[in-house]
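The structure appears right after this line, and notes come after that.
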Amino acid sequence: MASSSQQQADRNLDECSLYGSWIFSVLGALIAIPVGIKKKSYAPLVFFGATGAMLDIVQSITDCERERVEKERAAALLAEGGGSETSSNSAIDTFQDTLEKEPEKL
């Protein structure tokens, strides 16, 4: 049996990816309709529709995984650095130092 944290993570992933992407399904249908009419067949609709749905699912899961990793990194930075102000200030200072040293390259 999976732990409660694993079940919570799976539930969050399911909720995140449920309505994440629909563009590939629409594009598949838009391509399949004229091709299906020309060929007088439902095969293009099945092929392009299924391919679009599959790409939507993959895209949604990828986006959710990236979001989860970003949240984990942010939590690690907060725990490590003592706050987001410290890390953002150091990034700004680094960028300002770069501008002062080499303004002609930017």
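The values are calculated or read from the model by the stated rules, or taken from the named source; none is laboratory data. In this text, all values refer to a predicted model and were calculated from it rather than measured experimentally. Methodologically, a virtual Cβ is constructed for each residue, glycine included, from the backbone with ideal geometry; neighbour enumeration extends over all protein chains shown.
Data overview
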read-out: Sole residue being surrounded by 14 or more Cβ atoms within 10 Å (Cβ to Cβ) and either modelled with pLDDT of 85 or more or in contact with a His (Cβ under 9 Å, 6 or more places away or on another chain) (or both), chosen from THR62, THR51; value: THR51
read-out: Test: LYS40 is more than 27 Å from ILE23 (Cβ to Cβ), surrounded by fewer than 11 Cβ atoms within 10 Å (Cβ to Cβ) and at pLDDT 90 or above; value: yes
